[in-house]
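All remarks here apply to the structure that follows.
The values are calculated or read from the model by the stated rules, or taken from the named source; none is laboratory data. Source: prediction; values computed, not measured. Heads up, the Cβs are rebuilt from the backbone with ideal geometry, glycines too, and the neighbour counts pull from every protein chain shown. Remember, those area values only see protein heavy atoms, side chains included, never the ligands or the DNA or RNA. Shrake-Rupley method; radii C 1.70, N 1.55, O 1.52, S 1.80 Å.
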Amino acid sequence: DTFILLFSMMIIGQHVHGAGLTDMLGQRIANGPAWAFILKTVIASAILSALLTNDATCVLLTPVIITQCLNRNLPTQPFVLAIATASNIGSSCTPIGNPPNIIIRGYSGIEFSTFVKRVFPSMLVALALDSVALVMLLRCWTGSQTRCLQGEDTTKLVAAESDSKGCATTEAEVDAWVKGVQMQLLRPARASSWHHTASAPAPSKLAIGLHSYGKKNTPDPGSIPLTLEAGEPWLLTLGIQLTDNKRRTAWVRVVLAVVARMVSCMALGLLSTSFTALSAAVLLLAADGREARTTLANIDMEVLIFFAAMFVVVPALTNTGLPALAWNVVADLAVLSDPLGVIVTCVTVVILSNIAGNVPTVLLLRRAAFESERPLSVEQETAWMALAWLSNMAGNLTPPGSVANAITIDAAVKAGGCAPTLAQFLLFSVPMTVLSIASGMPLLLWLQS
């Protein structure tokens, strides 16, 4: 169930990106001053990660945000930290937000709505602290360079460059140059008017009908008054003549409707979480109209292989008895029934998550500490929720603490931005992780009681 849920969420995330929702979101986020830009980045990362998993959010959102930063001449390092930390924090409040939560939900059986209600207040506090810290970091990073905060006048840059080369540039020539650059940036380069892809040859005009879809012998283009391209989604083109913009708008609505229905079914407990996600993924694949391999080729199979390997390696390690022996060293102190025990539990889980990773830590502690009726000297549900919160917040401590951190850093560099160094990451993440756990953990335990 855990593996199916993760795989299904990746497919849904690819369709959200293919519908152009992440591009539109990036443009909306980038509006306004720099502090509003990074604040909206935090909120968007948190919301998307709660619905599409933090790994998928970092893959889809990072290139868009980094591109907007480069266009506005803003430093990219604070935005890399914003996406990584906010996605880890936001994903903590739903059982589908990240792999550790998916695993905990599978073993504990906690309802979707119960999970959200227990963690949501702590998540809000941690996200507020993260937002304030990131706004302050951005202002310190940019310093007094107001040109970096507001962007630079393209016309002045071109004129200054021309003057430095000793050639006279008229205002008309500058305007023509700027318009030419804007046209290059705005010109669509897609293989399909339906799907947003990076670059492709000019679209071919084919008349595709429902019965001819996928067949070699397509009708003559003049026989059906419907101009489409091979591979266009057929669900909304059953004899309806639509313009490119209307088709794209219709597909966006379909994707949003499917995601909304999926989350509603999970929240109300109408169907199992994994079956609901799988049904939504299959529906989008069918409505897409392209071969499934087109979507599956864009899924990060390395992440799936990593988690599949974890389900083999961790049980094998657990059967040796070594994790149980190691846990017995701190088992008497790692309890959630007194303040000292809470501190010991937090430190232990955070250290283990950053050494072995939060997913292996959850799998190991499930066998070592959660076999009894009262793990960590509290009720089962309280112990599971505490483990979920700690493993998620521990992911913000170091770059290896969460797979989402590595994905964000790699995607930022590939998009042409600069990622924070290890020292820069730790200078921000260590105090933020301590503050998030110190404020969120007591609130979580108080609400449980």
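Would a scan of region 378-396 turn up a residue that is more than 19 Å from the chain's Cα centre (by Cα) and on the phi > 0 side of the Ramachandran plot? Steps first, please.
Start the filter on region 378-396 by keeping residues that are more than 19 Å from the chain's Cα centre (by Cα), which leaves 378-387, 390.
Imposing the further condition that a residue be on the phi > 0 side of the Ramachandran plot reduces the set to none.
Looking for residues that are more than 19 Å from the chain's Cα centre (by Cα) and on the phi > 0 side of the Ramachandran plot, one finds none in region 378-396, hence no.
Any residue in region 25-38 that is surrounded by fewer than 19 Cβ atoms within 10 Å (Cβ to Cβ) and on the phi > 0 side of the Ramachandran plot? Yes, because at least one residue in region 25-38 is surrounded by fewer than 19 Cβ atoms within 10 Å (Cβ to Cβ) and on the phi > 0 side of the Ramachandran plot. Between Ala406, Ala419, the distinction of being open to solvent by 20 Å² or more (accessible area, probe 1.4 Å), within 15 Å of Asn354 (Cα to Cα) and small (Gly, Ala, Ser) belongs to Ala406 only. Considered as a group, the residues in region 296-335 that are part of a loop (DSSP other than H, G, I, E, B) and of a type in the set (Gly, Ala, Ser) include one that is least open to solvent (accessible area, probe 1.4 Å), and that residue is Ala334.
Pairs needed: first member in region 8-35, farther than 22 Å from Asn298 by Cβ and modelled with pLDDT of 80 or more; second member anywhere, among the basic types (Lys, Arg) and in a helix (DSSP H, G or I); C-beta distance under 9 Å; at least 6 residues apart or different chains. Hits for this filter: Arg28/Lys40; Ile29/Lys40; Ala30/Lys40; Asn31/Lys40; Gly32/Lys40; Ala34/Arg139; Trp35/Arg139. Residue count for region 108-123, restricted to those that are in a helix (DSSP H, G or I) and either of a type in the set (Gly, Ala, Ser) or modelled with pLDDT under 85 (or both): 3. In region 336-355, which residues are open to solvent by 20 Å² or more (accessible area, probe 1.4 Å) and either more than 18 Å from Val434 (Cβ to Cβ) or assigned to a loop (DSSP other than H, G, I, E, B) (or both)? Residues satisfying the conditions are Ser337, Asp338. Note on region 356-377: among residues that are open to solvent by 20 Å² or more (accessible area, probe 1.4 Å) and not in a helix (DSSP H, G or I), the one that is modelled with the highest pLDDT is Arg374.
Evaluation of Gly357 against the conditions (1) at positive phi; (2) touching a Ser or Thr at 6+ places or on another chain (Cβ under 6 Å) shows that the sole unmet condition is (2).
Among the residues of region 1-24, which ones are in contact with a Ser or Thr (Cβ under 7 Å, 6 or more places away or on another chain) and open to solvent by 30 Å² or more (accessible area, probe 1.4 Å)? Those that are in contact with a Ser or Thr (Cβ under 7 Å, 6 or more places away or on another chain) and open to solvent by 30 Å² or more (accessible area, probe 1.4 Å): Asp1, Ile4, Gln14. Screening region 280-295 for residues that are on the phi < 0 side of the Ramachandran plot and not in a helix (DSSP H, G or I) and picking the one that is surrounded by the most Cβ atoms within 10 Å (Cβ to Cβ) gives Arg290.
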